[in-house]
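Engineer: I'd like to ask some things about the structure below.
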Amino acid sequence: MTLPGAPWLHRRGRTLHLEGVALDALARAHGTPLYVYSRGVMREAVRRYADALAGRPHLLCYAMKANSNLAVLQTLAAEGCGFDIVSAGELERVLAVGVPASRVVFSGVGKTRAEMGRALEAGVRCFNVESLPELDRLDEVARAHGTRAPVSLRVNPDVDARTHPYISTGLRDNKFGIAHDEALAAYRRAAERAGIAVQGIDCHIGSQITELAPYLDALDRVLDLVEAVEAAGIGLHHVDLGGGLGITYADEQPPGADAMVRALLARLDARGHGAREVLLEPGRSIVGNAGVLLTEVQYLKPGPHKNFCIVDAAMNDLVRPAMYGAWMDIVPCTERDGAARTWDVVGPVCESGDWLGRDRPLAVRPGDVLAVLSAGAYGFVMASNYNSRPRAAEVMVDGDRAFVVRERERIEDLWRGERPWPDDA
């Protein structure tokens, strides 16, 4: 049987499997907390985008801030993905799996001179520039390198993505992008710079978006600007429409990737831009549902007002619930007989905000393994060593095979690079 809302998982008897691998067995073999990812789910997610884009000039750039494990990048590169990066470290990860920088777009509001220089040396496809000061700095750095930087300006269309305020990026008050009514002047300024080669236009309005209307509103605003920029004699080769498509955590019903792409392409056609190259930057919708976080129950602590199920995963392992108030489904890896009780699933970190799920009906005992679902995006990449806790291991499954794709940190790794104060100082 498959779990409602989670077709990528299924039970054989009472035991939960991801693809052909029993999750309980992985937890026993590799310890907990443990992230586990499905290659099959990632491939299927990419192919939904790719099939909808077939026949159109396009580049699908995975937004690797969602999950940057090398095995994840390797899997997606084999499916033909390019990559959307926001740091020099992410660039080096892409290069480490053999992807040429010509398939990389460099986003982010705070690129340093060193990052710009390294990206120019590597030959990135495009810089998504988010402010006039950044444009001026990139011009200087490119000229110092004796080259021209390929650029798209990220435009803020002031469109409400109707998502959590922390992951909304397309409103006037957000830090991202150049205001829509200032963008034409910014393009004129870019066209005058000797170190800048204008390539396209970029827009990204947020994350975990669950309806099509904000995308279409933003696209119309972008195309209005495309037409104004080209009327001013500045050619634009591509339109980068960002990512942000949501997934199902609880009862959300986001459109499928294919439905979103078809709607965007239809709007491009209707406005006479069907021949223009399209770039997309999906992240969560490719890896979010591909991952689970496994955690072992340590103690059950009933109380007069709250019952606490204390597990060995914490907010340092998965910060989304504490940071965003995010709801993520939690299920036992092996079903038990008996009536469920209502528990708050909490971790061992010394913060009252250290919780993974509240008011969850579970039939559990100490030693049981729980799976936090839809944890493939913004899970391990946001992990920390708070409370001097080593970060989790990561495992990838493919059919009935499982491989450790990141070893668990050791205690001694926590102070690698630190130096005690010298006794004789």
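The values are calculated or read from the model by the stated rules, or taken from the named source; none is laboratory data. These numbers were taken from a predicted model, which means no experiment stands behind them. Positions of Cβ are generated from backbone atoms using ideal geometry, with glycine treated the same way; all protein chains shown enter the neighbour counts.
Engineer: Out of the residues in segment 353-368 that are over 21 Å from A326 (Cβ atoms) and not charged (D, E, K, R), state the one that is surrounded by the fewest Cβ atoms within 10 Å (Cβ to Cβ).
Structural biologist: The first filter runs over segment 353-368 and keeps only residues over 21 Å from A326 (Cβ atoms), leaving 363-368.
Cutting the leftovers down to not charged (D, E, K, R) gives us 363-364, 366-367.
On the way: A363: 14, V364: 22, P366: 12, G367: 8.
Looking at the filtered set, the residue picked out is G367.
Engineer: If A339 meets every condition in (1) over 17 Å from P33 (Cβ atoms); (2) in contact with a Cys (Cβ under 6 Å, 6 or more places away or on another chain) apart from one, which number is that one?
Structural biologist: The number of the failed condition is (2).
A quick yes/no check of all residues on (1) out of contact with any Ser or Thr (no Cβ under 8 Å at 6 or more places or on another chain); (2) outside any helix (DSSP H, G or I); (3) at pLDDT 95 or above; (4) within 18 Å of A377 (Cβ to Cβ):
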residue	(1), (2), (3), (4)
G40	yes, no, yes, yes
R43	no, no, yes, yes
L59	yes, yes, yes, no
S68	yes, yes, yes, yes
S102	yes, no, yes, no
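Engineer: Which members of segment 268-313 meet the condition of being basic (K, R) and surrounded by 17 or more Cβ atoms within 10 Å (Cβ to Cβ)?
Structural biologist: In the first step, residues of segment 268-313 are kept if they are basic (K, R); the result is 271, 276, 284, 301, 306.
Listed by number, the residues that qualify are R276, R284.
Engineer: Given (1) closer than 25 Å to P282 by Cα; (2) assigned to a helix (DSSP H, G or I), identify the lone condition not met by D413.
Structural biologist: Here D413 meets the rest and fails (1).
Engineer: Now, a different point. Pick out the one residue from G206, G200 that is at pLDDT below 90, among the small types (G, A, S) and closer than 30 Å to R262 by Cα.
Structural biologist: Values: G200 fails: at pLDDT below 90.
Just one listed residue meets the conditions, G206.
Engineer: So which residues in segment 332-352 are surrounded by fewer than 12 Cβ atoms within 10 Å (Cβ to Cβ) and of a type in the set (G, A, S), if there are any at all? Show your work before the answer.
Structural biologist: First, pick out the residues of segment 332-352 that are surrounded by fewer than 12 Cβ atoms within 10 Å (Cβ to Cβ): 337-339, 350, 352.
Passing the criteria: G338, A339, S352.
Engineer: A further question on this structure: In segment 271-352, which strands (runs of 3 or more DSSP E) lie fully inside it and hold 1 or more residues that are under 28 Å from D84 (Cα atoms) and not assigned by TED's automatic domain parsing to the domain that holds L59? Explain how you work it out, then say what you get.
Structural biologist: Values: elements: 277-280, 291-301, 308-311, 330-332, 341-346.
In segment 271-352, 291-301 are the strands (runs of 3 or more DSSP E) which contain 1 or more residues that are under 28 Å from D84 (Cα atoms) and not assigned by TED's automatic domain parsing to the domain that holds L59.
Engineer: Which condition does F83 not pass, out of (1) within 30 Å of V124 (Cα to Cα); (2) in a strand (DSSP E or B); (3) in contact (Cβ under 8 Å) with a residue 24 or more places away in the chain; (4) not basic (K, R), if it passes all the others?
Structural biologist: (3)
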